[in-house]
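*Asks:* Could you have a look at this structure, given as structure tokens, before my questions?
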Amino acid sequence: KLSLFNKAILSTMELIITYPKLFFITLTLVLLFFFRKNNKRRVFLVDFACYKPPKNQQVDRQTFVDKSTKTLCYNKDSLEFMDKVLERSGLGDKTHLSKGLLKEPIDMSAEASKEEVEMAIFGVIDELLLKTGVQCKDIGMLITVFCGYNIMPSVSSVIVKRYNLRHDIRTYNVTGMGCTAGLVALGLVQNLLKVHDNSCALVVTSESTTANVYKCNDRSKLLTNCIFRVGAVALLLSNKPSDLNTSKYELIHTVRSQTSDDDRSYNCIFMEEDVEGHRGVTINKDLLYAAMKTIRLNISIVAPLVLPLSEKFRYLVNLISTKSKVESYSPNFSKSIDHFFPHVGGKPVLDDLQKKLGFSDEQMEASRMTLYRIGNTSSSSIWYEVAYTEAKGRVKKGDALWQIAFGSGFKCNSVIWKAIRSVNCDEMNPWRDEIHEFPVDVSGIDVVPDLFVASK
């Protein structure tokens, strides 16, 4: 008697002899199905560049207050409030303002805003092209990211004209999405590179501090003047298999979450006019509430993707035991994440994230030093953190990196990267000339929560 295996072999042979075309078509379709299923396109970050303004644009706290006193219509209470914010925000005395805001009198014209933006974005794109050696004709997608700066023609058109990019390049402009928009753009690139073979994407993110200065005395709108500074980043992403060996990182996960259905979250950051008609961005007392609520939602999605099995099991046991007196358990993400880069929105949020997620002082160092040296540069901030860690020589092959950013709406986004290679600390880097001066001790900065709850 023939075994079942032998019978199957004979049946297959009979099928091949009787219906050879049908068999081979079916076999081809099956193989294509499994090939496509298992051949997921990988997305690589070839490299990135961060803008470092010239030294003559550095500003310390006293200079900032003095210039505000001379040229803007702030009353005594507003100036004292801004001085306290600057003292306790975590910013140092070497952050950068735009040329227009350093002039006497201050120049907040459209031309001054344009000069600030073009200096930053052209600077980082030039550096990125130099670092990667990529040709402009090879860039098939361009995504520009700004929050409050929106012009016509768009910034993407400005870049296409400046660098003579391809006529069929796919361009996108992300605006009005707050400090998390840069990670939103990465999710967009990831989806685009899934459907376009052998493509490169350029992502450029910046902001105009010149265009967004608030000029009156509503405290809820003064915070943005104090903590936002000049910055920009350019990223080159690719799905070309040939870029695997030369790229720095592989994009593993993008996770988005938002709580816009919650009135307190939706209204905590809002662009509007004050009673005198001056436009500004209101930041009210619900900011920390909205930030932590949305961040927790985002983390709950990230956790199953990155935590080791042991941490998942402990977390599950804790959930089952919620009715007992078992103390709430927070997963220790430092067991699976080597480098953590939260948006530098403010010291209180950084402190809370470190406490809840179990990251060490060294893992939080890049965020605190970026806030101190660079300030809040909107969506580009998290890339100065990555650059800091690279400049310290801490990124090793196989390391897992977690970027998380949050902003108006309220929205929170996470991106998980894996280091394809160890990064040489001697590479072009905005921190290279002064990395030996860091870290500095910022533990003595006493943040008063009321400073970040600026009621009208």
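The values are calculated or read from the model by the stated rules, or taken from the named source; none is laboratory data. Small disclaimer: the values here were computed from a predicted structure and weren't measured. Glycine gets a Cβ as well: all are built from the backbone with ideal geometry, and neighbour counts include every protein chain shown. What goes into the accessible areas is simple: the full protein's heavy atoms, side chains included, and nothing from ligands, DNA or RNA. Shrake-Rupley method; radii C 1.70, N 1.55, O 1.52, S 1.80 Å.
A quick yes/no check of all residues on (1) open to solvent by 10 Å² or more (accessible area, probe 1.4 Å); (2) under 21 Å from Ile269 (Cβ atoms):
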{"site": "Leu183", "(1), (2)": "no, yes"}
{"site": "Leu186", "(1), (2)": "no, no"}
{"site": "Ser199", "(1), (2)": "yes, no"}
{"site": "Ala211", "(1), (2)": "yes, yes"}
{"site": "Tyr214", "(1), (2)": "no, yes"}
{"site": "Arg219", "(1), (2)": "yes, yes"}
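*Asks:* Can you pull out the residues in the stretch 351-373 that are hydrophobic (A, V, I, L, M, F, W, C) and within 15 Å of the chain's Cα centre (by Cα)?
*Replies:* Within the stretch 351-373, Ala366, Leu371 qualify.
*Asks:* Name the single residue, out of those in the stretch 349-377 being touching a Leu at 6+ places or on another chain (Cβ under 7 Å) and free of Cβ contacts under 8 Å to residues at least 40 places away in the same chain, that is surrounded by the fewest Cβ atoms within 10 Å (Cβ to Cβ).
*Replies:* Met364
*Asks:* Same structure again: Taking the criterion of being more than 22 Å from Ala234 (Cα to Cα) and either assigned to a helix (DSSP H, G or I) or of a type in the set (Gly, Ala, Ser) (or both), would at least one residue in the stretch 47-56 satisfy it?
*Replies:* yes
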